[in-house]
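Every number here is computed from the coordinates shown, using simple stated rules; none is lab data. Because the structure is predicted, anything quoted here is derived from the model rather than measured. Here the Cβ positions follow ideal geometry from the backbone for every residue, glycine too, while neighbour counts run over all protein chains shown.
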Amino acid sequence: MLNELKQDAQERMAKTVEALSHQLAKIRTGRATPAILDAVKVDYYGSDTPIAQVAQVKVEDARTLAVTPWEKNMVPVIEKAILTSDLGLNPSTAGEVIRVPMPPLTEETRKGYVKQAKAEAEQSRISVRNIRRDVLADVKSLLKDKDISEDDERRTGDEVQKITDKYVAEIDSMLAVKEKDLLEV
């Protein structure tokens, strides 16, 4: 019973960290990465579809993405979707390939992105702590129902705290890497 609770907590915390890595990948650094366009949706025959499902997105060089649509008629639709997204990117079309240059980040923009990354990391920390709280509440109810002893409750609480500390440290290290990446000129 207690092992199941700890296992569940660990899985949920791992999912939180994974979600954070996806969120941090969407925050633009000076370098080109296909993950930047993950949030951009394209009108594909009446339904909003992620760009990755209608085109190949690859890094052409350190500051340029190349988007190659599977269908030629999608070129203007994809270009418009990138332009109207809130990413501040200006794509240019050369035949069937859409090139998306990454504008250099200003100091102010970098600080804004760092602030956004810190907010995402804090949300993840809160989520991890909420998972810990839920598990500890379940353990307390088991103790109250006399299904476990006080020693088991204390031991499980310590183990859940160690798991929590591990994932919070992982979140902090991910944030530090992203911060370093953002502030690198």
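Below are the figures for this structure:
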{"read-out": "Efficiency of FRET between K72 and T33 - r from beta-carbon atoms, R0 35 angstrom, step 0.05", "value": "0.85"}
{"read-out": "Neighbour net charge for D152 - beta-carbon separation under 15 angstrom, K R +1, D E -1", "value": "-3"}
{"read-out": "Shape box of the range 34-101 [Cα atoms, principal axes, largest first, Å]", "value": "33, 25, 16"}
{"read-out": "Of the trypsin sites (Lys or Arg not before Pro) in the range 115-146, those whose Cβ has at most 12 other Cβ within 10 Å and which sit in DSSP loop", "value": "K146"}
{"read-out": "Expected 222 nm ellipticity per residue - DSSP helices of 4 or more, -39500 (n - 2.57), all of the chain, to 500", "value": "-20500 deg cm²/dmol"}
{"read-out": "Cα gyration tensor shape for the chain, rounded if a/c is under 1.5, else prolate or oblate", "value": "prolate"}
{"read-out": "Helix 150-183 axis, angle to the chain major axis (alpha carbon atoms, nearest 10°)", "value": "20 degrees"}
{"read-out": "Point-charge dipole on Cβ atoms (K/R +1, D/E -1) for the range 128-174, about Cα centre, debye to 20", "value": "140 debye"}
{"read-out": "Separation between Cα centres of the range 112-185 and the range 42-75, rounded to whole Å", "value": "37 Å"}
{"read-out": "FRET efficiency, R133 to T49 (Cβ-Cβ, R0 41 Å, nearest 0.05)", "value": "0.60"}
{"read-out": "Cut-off 12 Å (backbone N to label point 7 Å along Cα→Cβ of I126), residues of the range 1-42", "value": "none"}
{"read-out": "In nm, spacing of pseudo-spin labels at L83 and H22 (7 Å Cα→C-beta vector)", "value": "3.0 nm"}
{"read-out": "Nearest 10 degrees, 0 to 90: helix 75-84 Cα axis against the chain principal axis", "value": "60 degrees"}
